[in-house]
1. Quote the charge dipole size of the chain about the Cα centre in Debye, to the nearest 20; the model charges only the Cβ of Lys and Arg (+1) and of Asp and Glu (-1).
2. What share of all Cα pairs of region 317-371, in percent, falls into each consecutive 5 Å distance bin?
3. How far apart, in nm, are two points set 7 Å out from the Cα along the Cα-to-Cβ line at Glu305 and at Glu326?
4. Stokes-Einstein D for region 53-154 at 20 °C, 1.002 mPa s, Kirkwood Rh over Cα pairs, in µm²/s?
5. For region 115-198, which semi-axes, largest first and in whole Å, follow from the square roots of 5 times the eigenvalues of its Cα gyration tensor?
6. Among Leu18, Ala375, Thr38, flag the residue with its Cα farthest along the positive direction of the charge dipole of the chain, charges on Cβ as +1 for Lys/Arg and -1 for Asp/Glu.
7. Quick one: what Rg and Dmax do you get for region 324-436 from the alpha carbons, in Å?
8. By a straight-distance test (C-alpha under 29 Å), which lysines pair with Lys152 as possible cross-link partners, with residues fewer than eight away in the same chain excluded?
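Every number in this text was worked out from the coordinates using simple rules, so none of it is lab data. Note that the structure is predicted; figures quoted are calculated from it, not measured. Quick reminder, even Gly has a Cβ in these numbers, built from the backbone with ideal geometry, and neighbours come from all protein chains shown.
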Amino acid sequence: MDQKIYDFIGIGIGPYNLSLAALTEDMDDLECIFFDQTPRMEWHPGMLIEGADLQVPFMADLVTFADPTSKYTYLNYLKEHDRLYKFFFFHKMEVPRNEYNDYLQWATDQIDGLYFGHEVVDLIDHKDSDQPHYELIVLDTDRGKTESYYSKHVVMATGSEPLVLDNMSGFPNEDVLHTSRYLFEKENLQKSDHITIVGSGQSAAEIFYDLLEEREHAEFHLSWLTRSEGIFQLESAKLGQEFFAPDYVDYFHQLPFKKRKETLDTLDPLRKGIDYSTLNGIYEMLYHYSVGGEDPRITIQPLTEVNDIEKQDEGYLLKCKQWQEELEFDYQTEKIILATGYKPNIPEWLINRYKDDIVWENAKLFKVNRNYELAFKEPREHKLYVVTNLEHSHGTAATNLGLAVQRNMEIINDLTGEERFGIEQSKIFQQFRPRL
């Protein structure tokens, strides 16, 4: 039994909390540990498609925005692996996704206090203690035993999980799968006669592009059905990118809840578009496949919602609707890839134990203060910080890797009560309200 009270404990070890661990590693006055239920660091392993890049520049690593001299920068990773010149001649700001995963694993191997294979199954509030704190009940998945750990503060970064509608679940994984499992099932998919991707966004486009490349060695029909009004490019203009800056987070957070929800819809071009190079690559490949009047054997159809999936003797029947014309139709396919996105992974214990104690903005979304502290009805010194499910409170930048370091600097300053990191007042050229 670990009886000491840590300064803070992190729940989840993805890029967000790994950044927090890297930034606090040399702070000798802070005692902290991190738990993750997965056996090792794996960043979206089912989507580490060869040739796919992150949609943010390499500066959006674990530490650069806080400390460019840190040994955990992406540039130092390249130096340690004798890849600096290769990256220099690569002539791209974006990091290959496979290499980003390798970078995270490299950092994980060097940072102490990271415990994989440990699932936090409960969080007990000892608010009436002489020193208010939390008790974390942690299951060691290898040994099948639970232990208690104690901490003044908790930082919950439990990430997201695949979003699959009820009527699209329950089918064999090799036939109907979420994009998160794509690489695990890719070989099996290519043996079929007809593959249909349902949904939109970067993941759908990358899988369509990857399978289109495989068509040089196979003859399957490839379809892409999406409810979106079109297959549109991600807004990448420099002024548009400033909406991911801390300045906009400040502005967005102080808006009333209804205004924040409305604003998220208007920012869809920044949130849900597809990278230009991916779209351009798809079109060029389709053009070459069609030379000489050849049938490229593809279907790309926006404005189409898939409302149900029915198993047939051979393959599956998609119950579809072209929603603009209100035209219902059936679509036959053999394999289905669901590019239906992700939802916040909210632990059951958070709702079971704290539902009546925390402040809710509506029936499903809890309130999060500007400092990323979960809002309780009764203020407390022992804080529960959340960096999961923040879009409604902190805007579209909540899921952007480029702002993760800034968020961790603010959390560290807040939980220590000191300005460990200097926070610039204005970081961009735009302003979002008049300076009165």
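1. Here the size comes out at about 1200 debye.
2. Bins of 5 Å from zero give 4, 11, 14, 14, 10, 7, 10, 12, 13, 5 percent of pairs.
3. For the pair Glu305/Glu326, the computed spacing is 1.3 nm.
4. D, rounded to a whole number, is 129 µm²/s.
5. Equivalent ellipsoid semi-axes, largest first: 42, 15, 11 Å.
6. The Cα lying farthest towards the positive end belongs to Ala375.
7. Calculated on Cα positions, Rg and Dmax stand at 19.8, 61 Å.
8. Here the lysines satisfying the reach criterion relative to Lys152 are Lys4, Lys71, Lys127, Lys343, Lys355, Lys364, Lys367, Lys377, Lys383.
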